[in-house]
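Peer 1: There's a structure below that I have some questions on.
Just so it is clear, none of the values below were taken in a lab; they were calculated from the coordinates. Predicted, not measured: the structure shown is a model, and the values here were computed from it. Cβ coordinates were reconstructed from backbone atoms using ideal geometry, including for glycine residues, and neighbour counts include every protein chain displayed.
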Amino acid sequence: MDEKLSDFLTMDDLEVAGKTVLFRADINSVVINGKVQMKERIEENAKTIRELSDKKAKVVILAHQSRAGCADFMTLEQHAQLLRNFVDLQYIDDIIGPAARDAIKKLQDGEVLLLENVRMLAEETLTKSPEEHAQSIFVRTLSPLADIYINDAFSVAHRSHASVVGFPMLLDAGIGRLMEKELASLRRSVHNIKRPCIYVLGGVKPEEVFDIMEFTLRRKKVASILTTGNVGTIFLYARGIIEPGEEEKADKQFMENLARAKRILKIGGDKIMCPEDVAVEICGKREEIPVDVLKPEQEIYDIGERTSKRYAEEIKEAKTVVMKGPAGLYENEEFSKGTGELLRALSTSEAYSLIGGGHTSAAMSTLGIKKAAHTHVSLAGGAFLQYLLEKGLPGIEVLKRH
Ligand code: 3PG
């Protein structure tokens, strides 16, 4: 789907003063020992909420945390507390009951109300079409209390959930500032590409990026794909540069990944670059070795310096770079070097760069790398991947002006 911003109503097109705005935010956050972590999603969403409040809208925030049954599935009480660092708001542990409805009706111009985790309503996550979701009790209860629906949650736009696709069927609907930024940047990196375009793919789960590799190679979108992290490792195996040990051979996921990587090499092996040296741990210290002397029992924790330099050269020549996944175990200082070098190469290159996936943006903040003006850091995970595959996202489709 090649959407332009003109396909949507933005906050510049919507008159929100004195209106009740249902605002879908994605403040789904990492939780450590029961504590919600303050991250960009909360900060960035708060900016749009502040703008609506400054414009005297009555803002009702719809948001989720995790999924029912998961350890970090919880109320939004802590999120409310964190949002209060940026914007004044009330929080109510109710979504469609009398307490929530009453609180919405009592909102004054400029006031903000955060409702409870919408995934506490079973209706929210049912797999249904927008038309069906519009008939849910959730959507039918809150719609009459609101004038406008604004979605700022690009990162949940790949879900056909009630709070994402149901309300736009019944209310005037538009996109928030964050969504605007995400769509503009993704378009530049997916549809309006300046070439040469390269992808830098790493992280711990190769299976997450295989579809993208195959898609970009078949569509001849990329000049090269630089592999790092476990993605790089699986391609070293697929090329036969390193041999799997008995443990790997007994691992079903590994063997499936290996077979898939071999198939991808057949599609565009000449475009896929693998690490030539890697960092391993010897006596608790980082040591760099060429890949051809790696022993089966040695775990790879980072790319080596020669690889970082070669990849940095490629990045320098590119006009568009899409990066997903760190190059190694960046949380450990010994093994953060490769990720840091690549991110620094991105920030000093002239290429337009798109960075996606929570771990890559977390690596940027951990390593203290400032975002360059020509870089967009997407706050989305699954939605980002789906967009790169040029699959329509239900939450975006439903917001298009018809
Ligand atoms: C995310 O964290 O990517 C979004 O909040 C979507 O979460 P989900 O994968 O649980 O739908």
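Peer 1: Within region 54-93, report the trypsin sites (Lys or Arg not before Pro) that DSSP leaves as loop and that have at most 13 other Cβ atoms within 10 Å.
Peer 2: In loop regions of region 54-93 (DSSP not H, G, I, E or B), the sparsely surrounded trypsin sites (Lys or Arg not before Pro) are ARG67.
Peer 1: For the chain, with a Gaussian network of springs between Cα atoms less than 10 Å apart, report the residue from GLU314, GLU40, GLU333 with the top mean-square fluctuation.
Peer 2: With Cα springs under 10 Å in the chain, the top fluctuation among GLU314, GLU40, GLU333 is at GLU333.
Peer 1: Please name which of LEU226, VAL36, ALA68 has its Cα lying farthest along the dipole of the chain towards the positive end, using unit charges on Cβ (Lys, Arg +1; Asp, Glu -1) and the Cα centre as origin.
Peer 2: Of the candidates, LEU226 comes out farthest on the positive side.
Peer 1: Given the options ILE32, ILE225, ILE92, state which has the largest fluctuation in a GNM of the chain using a 10 Å cut-off (strictly under) for Cα springs.
Peer 2: Between ILE32, ILE225, ILE92, it is ILE32 that shows the largest mean-square fluctuation.
Peer 1: So if R0 is 25 Å, what FRET efficiency would LEU145 and ALA17 give, r being the distance between their Cβ atoms, rounded to the nearest 0.05?
Peer 2: 0.90
Peer 1: Quick check on packing: order 353-361, 266-274, 46-54 by the mean number of other C-beta atoms within 10 Å, highest mean leading.
Peer 2: The most tightly packed comes first, giving 353-361, 46-54, 266-274.
Peer 1: Take the cross-link list LYS39/LYS271; LYS55/LYS106; LYS252/LYS324; LYS58/LYS181; LYS39/LYS324 and give me the ones stretching past 28 Å between alpha-carbons. Walk me through the numbers before you get to the answer.
Peer 2: Values: LYS39/LYS271 35 Å; LYS55/LYS106 18 Å; LYS252/LYS324 24 Å; LYS58/LYS181 23 Å; LYS39/LYS324 18 Å.
LYS39/LYS271, as the Cα separations exceed 28 Å there.
Peer 1: Could you tell me the calculated FRET efficiency between ASN332 and GLU40, based on Cβ-Cβ distance and R0 = 22 angstrom, to the nearest 0.05?
Peer 2: 0.50
Peer 1: So if each residue of separation counts as 0.36 nm, and I subtract the Cα-Cα distance between GLU299 and GLN135, what length gain in nm does that give?
Peer 2: Here the segment from GLU299 to GLN135 would lengthen by 53.8 nm.
Peer 1: For the chain, set up a GNM with springs between Cα atoms under 10 Å and report which of ASN33, ASN332, ASN230 has the largest fluctuation.
Peer 2: Among ASN33, ASN332, ASN230, the largest mean-square fluctuation in the Gaussian network model of the chain belongs to ASN33.
Peer 1: Modelled label-to-label distance, LEU5 and ASP72, 7 Å Cα→beta-carbon offset: nm?
Peer 2: Calculated label separation equals 3.1 nm.
Peer 1: Identify, among ASN332, HIS359, VAL293, the residue whose Cα sits farthest towards the positive end of the charge dipole of region 258-371, taking +1 on the Cβ of Lys and Arg and -1 on the Cβ of Asp and Glu, with the dipole about the Cα centre.
Peer 2: HIS359
Peer 1: Under 15 Å from the 7 Å Cα→Cβ point of GLU243, by amide nitrogen: which residues of region 265-295?
Peer 2: Only 292-295 fall inside the zone, counting backbone N under 15 Å.
Peer 1: Also, I was wondering about something else. Output the relative contact order of region 193-388, whole-number percent, from Cα pairs under 8 angstrom with separation of 6+ residues.
Peer 2: On the way: 364 pairs, mean separation 41.9, N = 196.
Answer for region 193-388 is 21 percent.
Peer 1: Have a look at the DSSP beta bridges in region 20-180 and tell me what percent are antiparallel, nearest 5.
Peer 2: 10 percent
Peer 1: Still on this structure, please answer the following. Run lengths n ≥ 4 of DSSP H only: what is the helix-derived mean residue ellipticity at 222 nm for the chain, with -39500 (n - 2.57) per run over all residues, to the nearest 500?
Peer 2: -10000 deg cm²/dmol
Peer 1: Rounded to the nearest 5, what % of the DSSP beta bridges within region 193-388 are antiparallel ones? Intermediate values should be presented prior to the final figure.
Peer 2: Values: 8 of 27 bridges.
Around 30 percent of the beta bridges assigned by DSSP in region 193-388 are antiparallel ones.
Peer 1: Here's a follow-up. With +1 on the Cβ of every Lys and Arg and -1 on the Cβ of every Asp and Glu, and nothing else charged, how large is the dipole of the chain about its Cα centre, in debye rounded to the nearest 20?
Peer 2: That gives a dipole near 1040 debye.
Peer 1: Can you tell me the length gained on complete extension of the stretch HIS191 to GLN253, counting 0.36 nm per residue apart and subtracting the Cα distance?
Peer 2: 19.1 nm
Peer 1: Relative contact order (percent) for region 20-180, with alpha-carbon contacts under 8 angstrom and 6 or more residues of separation?
Peer 2: Details: 316 pairs, mean separation 43.5, N = 161.
Dividing the mean separation by the residue count of region 20-180 yields 27 percent.
Peer 1: Using Cα centres only, tell me the gap between region 87-111 and region 156-225 in whole Å.
Peer 2: Spelled out, the Cα-based centre of one part sits 33 Å from the other.
Peer 1: Have a look at the DSSP beta bridges in the chain and tell me what percent are antiparallel, nearest 5. Spell out each step's value before the answer.
Peer 2: Details: 10 of 47 bridges.
Bridges in the chain that DSSP calls antiparallel: roughly 20 percent.
Peer 1: Would you please state which residues of region 98-141 a label at ASP211 would reach in this model, taking the label point 7 Å out along Cα→Cβ and a backbone N cut-off of under 20 Å?
Peer 2: Counting only backbone N, you get 125-130.
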